[in-house]
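Working notes for the structure below.
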Amino acid sequence: MLDVLVSGAALLAASPLLALAALGILLEDGRPLLYVQPRAGRGGRVFQALKFRTMRVHGTPAHEMAQVRSGDPLVTRVGSVLRRLKVDELPQLVNVLRGDMSLVGPRPTLPEQVAGYDAFQRRRLEVTPGLTGWAQVNGNTELDWPERILLDVWYVDHRSLWLDLRILARTLAVIMGGERVRSGPLEQARLHAHGSGRGG
């Protein structure tokens, strides 16, 4: 219920920003405005995730691309701003309204990635994926994939309304101040994984 109420209110409040972002994409690089991509949700169920398009149209399959970072030549000028302010992900509020996603949870990944998960990695599929998550406020793209998995699984085992509110508040701080690795939560996640029988 909280997801529906907050995402509905956020869509209404952000409608001028959404319109401005759409106009910027249209003027710089034309259509399509949205990038629609299959993603794996809770239990591995596939849904269509929505994002503003921030990259030039190209033929490389998403699962064959490396992590896109700032300065990538495929990212448009408008796209780089949208990515920095996380505005590119605001259309996923519609996914929250549909029930595909939650406000907080592990970020949804590609079905091709999920197919290669081991038992520990599949634990991140035990909850509904989110717009933002524990990994996103503790380093996000500054972390490598195994580190993000550790943080996601820690979240799965410790999730609560209070933790979700903390993550939402930290998300605002990340938008304002940029991403940085927080060593404390990462070490906590490593210890938790080790105590749960995950070696390494």
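Selection of the stretch 1-41 for residues being within 26 Å of Arg77 (Cβ to Cβ), assigned to a loop (DSSP other than H, G, I, E, B) and free of Cβ contacts under 8 Å to residues at least 12 places away in the same chain yields Gly30, Arg31. When you look at Leu82, is it in contact with a Phe, Trp or Tyr (Cβ under 8 Å, 6 or more places away or on another chain), of a type outside the set (Asp, Glu) and open to solvent by 30 Å² or more (accessible area, probe 1.4 Å), yes or no? It is false that Leu82 is in contact with a Phe, Trp or Tyr (Cβ under 8 Å, 6 or more places away or on another chain), of a type outside the set (Asp, Glu) and open to solvent by 30 Å² or more (accessible area, probe 1.4 Å). Just one of the listed residues (His58, His63) is modelled with pLDDT under 95 and under 16 Å from the mean Cα position of the chain (by Cα), namely His63. If you scan the stretch 163-189, which residues turn out to be open to solvent by 70 Å² or more (accessible area, probe 1.4 Å) and either modelled with pLDDT of 95 or more or aliphatic (A, V, I, L, M) (or both)? The answer is Leu165, Arg166, Leu172, Met176, Glu187, Gln188. Selection of first residues in the stretch 133-154 that are touching a residue at least 60 places away in the same chain (Cβ under 8 Å) and of second residues that are not β-branched (Val, Ile, Thr), restricted to Cβ pairs under 7 Å at least 6 apart or on distinct chains, gives the following pairs, ordered by first then second residue: Thr141/Gln67; Thr141/Arg69; Thr141/Glu179. Filtering the stretch 74-116 to residues that are within 23 Å of Met1 (Cα to Cα) and part of a helix (DSSP H, G or I) leaves Glu89, Gln92, Leu93, Val94, Asn95, Val96, Leu97, Arg98.
Within the stretch 118-141, if we keep just the residues that are touching a helix residue (DSSP H, G or I) at 6+ places or on another chain (Cβ under 6 Å) and of a type in the set (S, T, N, Q), the residue that is surrounded by the most Cβ atoms within 10 Å (Cβ to Cβ) turns out to be Asn138.
Go through the stretch 142-162 residue by residue and tally those that are open to solvent by 50 Å² or more (accessible area, probe 1.4 Å), closer than 18 Å to Gly41 by Cα and more than 15 Å from the chain's Cα centre (by Cα). Adding up the residues that qualify gives 2.
Scanning the stretch 190-200 for residues being without any contact (Cβ under 8 Å) to a residue 12 or more places away in the chain and surrounded by 10 or more Cβ atoms within 10 Å (Cβ to Cβ) gives a total of 2.
The values are calculated or read from the model by the stated rules, or taken from the named source; none is laboratory data. Values in this document were obtained by computation on a predicted structure and should not be read as measured data. FYI the Cβ positions are ideal-geometry reconstructions off the backbone, even for glycines, and counts take in every protein chain you see. These area figures cover heavy atoms from the full protein model, side chains too; ligands, DNA and RNA do not enter into them. Shrake-Rupley method; radii C 1.70, N 1.55, O 1.52, S 1.80 Å.
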